[in-house]
Amino acid sequence: MTHRSGGILRAALAGLAALAVLALAGCSSSGSAPMAAGGGAATTVASVRSPEGFAAVTLVVTLPDGTVHEWCVWLADTPALRAQGLMAVTDPELGGAPAMVFTFPGDATSGFWMKDTLLPLSIAWYAADGTLVSAADMDPCPSDGGTCPITTAAGPYRYAVEVAQGDLGRLGLVEGSTISLGPSCSPQARSA
């Protein structure tokens, strides 16, 4: 998932970087993953691509009833990491972390798109005080080169949390929940 925050040049650079990653993946001995029925990438241990180059942080989710859950998630906290997001990732387990959290230095209103993002995702946007702004499901962009839709929050946000499509409820990212960020952590390694 890439964060679209203006500038054709930034989008072009991100696209070129993604193409380079995909070209390298296509040149590897395992080859590229074939598309499975239903549009998702068929995954094997040899062909699974996890997020790379991200630190991990604890996402603290407080449910409306006061129950607290802590999740070790990938952190996209720089313009370059926010632009990369979950592009080219084929691992439905996201490399052992159930989500990626995008953080912004101030309130943001720009949209997200699924350019070069291969897995269907759900996204929840949270305000600076940790309250839910809105949530949406997002599907990969059309492979026929059609327009890639932009998904926007219902209002300004400071955090965006992306998960495998349908997992927002499992993580407690629901109406009335709040989030905060805790210390660094280590995602669980994918089992072979």
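The values are calculated or read from the model by the stated rules, or taken from the named source; none is laboratory data. Keep in mind it's a predicted model, so treat the numbers as computed, not measured. Every residue, glycine as well, gets a Cβ built from its backbone with ideal geometry; the counts of neighbours run over all protein chains shown.
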Have a look at Thr58, Thr90 and point out the one that is part of a strand (DSSP E or B), modelled with pLDDT of 50 or more and hydroxyl-bearing (Ser, Thr, Tyr).
Thr58
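So that you can scan it fast, the table gives a plain yes or no per residue for (1) at pLDDT below 90; (2) β-branched (Val, Ile, Thr); (3) over 19 Å from the mean Cα position of the chain (by Cα); (4) in a loop (DSSP other than H, G, I, E, B):
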{"position": "Ala20", "(1), (2), (3), (4)": "yes, no, yes, no"}
{"position": "Leu24", "(1), (2), (3), (4)": "yes, no, yes, no"}
{"position": "Ser32", "(1), (2), (3), (4)": "yes, no, yes, yes"}
{"position": "Trp74", "(1), (2), (3), (4)": "no, no, no, no"}
{"position": "Ala83", "(1), (2), (3), (4)": "no, no, no, no"}
{"position": "Leu86", "(1), (2), (3), (4)": "no, no, no, yes"}
Can you report the number of residues in region 99-134 which are over 21 Å from Glu175 (Cα atoms), touching a Gly at 6+ places or on another chain (Cβ under 9 Å) and among the hydrophobic types (A, V, I, L, M, F, W, C)?
2
